[in-house]
């Protein structure tokens, strides 16, 4: 993927599962929601795997180990092995291991996923700032993480110990709604210390590097539901991406996406991996996809025609992104989106 400004979703004459050798799949909002598989995910992933595509599951959640994640996937009908799972805990452990000697003590503020990842890199997890750690690592520790763990991190950081964070997602979905994520906990320590952590998780390069090292992907496709982690991570890694509309991103967010948040492809759900993608073409002063034509002007985005709603959304993306250039589209797309009833 070129880093030039993307002005429209791309088309593909091949099924994406054939055009790319590895899918780097986000989990929550893409494969499952809470403890339940998202509609069409199980059969779509099975078909992609049967066709020879390698499936890897990439998560910013550093709490659960790959074994636990793989077991959960298998339980919901998506067979997975631990080595199919890549976590931000693994990415941050590698980042630390490249900067400190083997056997070094690392103060852990988080859960078991971090401890397992550190041991995998030959590092020793410790629990106290008084255990002479050479680094502090912070990852999501679940809703029961004691407040005193943040104080422990602050004591060490104020003594000059370098600070690492698995990721900085401010929120995390739960069965009861949206809860504070590791990024919110990182802010607590940042405010108390004035320090800045080195961060490994999506959308930053250490996470993408970890996925490539562990999967050996040559033609990877990032598949996600979040523009600011999944799609931006693909942009930073200079690889293609598929946005699915089963998670947090809706049409309005997509039309307003700045260049680093614009996906290569857009589809409703993981069935989009098994098909080609329709081409968006210039048509007069607008853009056509399928039976829809989208134009930008007069302070609004306009949509004419009919057909598949996703084709209309793709055409609107082209009109919005072209009008925005390397900025953010501020044209009103509300009426056009309402016609699509997505």
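Percent of C-alpha pairs per 10 Å bin in the range 34-122, short distances first: 16, 42, 25, 14, 3.
On C-alpha positions alone, give me the angle between the axis of helix 148-158 and the longest principal axis of the chain, in degrees, nearest 10. That works out to roughly 80 degrees.
Between residue 131 and residue 74, the modelled labels are 3.0 nm apart [label points 7 Å from Cα along Cα→Cβ]. Ordering 99-106, 314-321, 53-60, 249-256 by mean Cβ neighbour count within 10 Å, with the highest value first, yields 314-321, 53-60, 249-256, 99-106. Most simply put, the chain has about 40% antiparallel DSSP beta bridges, counting only bridges with both residues inside it. Relative to the longest principal axis of the Cα atoms of the chain, the long axis of helix 205-215 lies at roughly 90 degrees. Restricting attention to the range 196-336, close to 60% of DSSP beta bridges with both partner residues there are antiparallel.
Between the range 209-285 and the range 93-117, the alpha-carbon centres lie 31 Å apart. Remark: the range 89-199 projects, on average over all directions, an area of 6.3 nm² (convex hull of Cα atoms). Placing a label point 7 Å from the Cα of residue 250 along the Cα-to-Cβ line, the residues of the range 21-53 whose backbone N sits under 18 Å from it are 29-30. Debye-formula intensities of the range 281-331, expressed as log10 I(q)/I(0) at q = 0.16, 0.21 Å⁻¹, are -0.37, -0.63 (one equal scatterer per alpha-carbon, no solvent). For the options 81, 159, 271, a Gaussian network treatment of the chain with springs between C-alpha atoms closer than 10 Å singles out 159 as fluctuating the most.
Convex hull volume of the C-alpha atoms in the chain, normalised per residue: 134 Å³.
For the range 234-342, the direction-averaged projected area of the alpha-carbon convex hull comes to 6.7 nm². Compute the helix-to-body angle for 66-75: its Cα long axis versus the longest principal axis of the chain, expressed 0 to 90° and rounded to tens. So the inclination is approximately 50 degrees. Could you work out which residue, out of 272, 224, 35, moves most in a Gaussian network model of the chain, that is, has the largest mean-square fluctuation with Cα springs under 10 Å? Among 272, 224, 35, the largest GNM mean-square fluctuation belongs to 35.
Bear in mind that the values in this text are calculations on the coordinates, not laboratory data. Keep in mind that what you see is a predicted model, and the values were worked out from it rather than measured. Note that we place each Cβ from the backbone using ideal geometry, even for glycine, and neighbour counts take in every protein chain shown.
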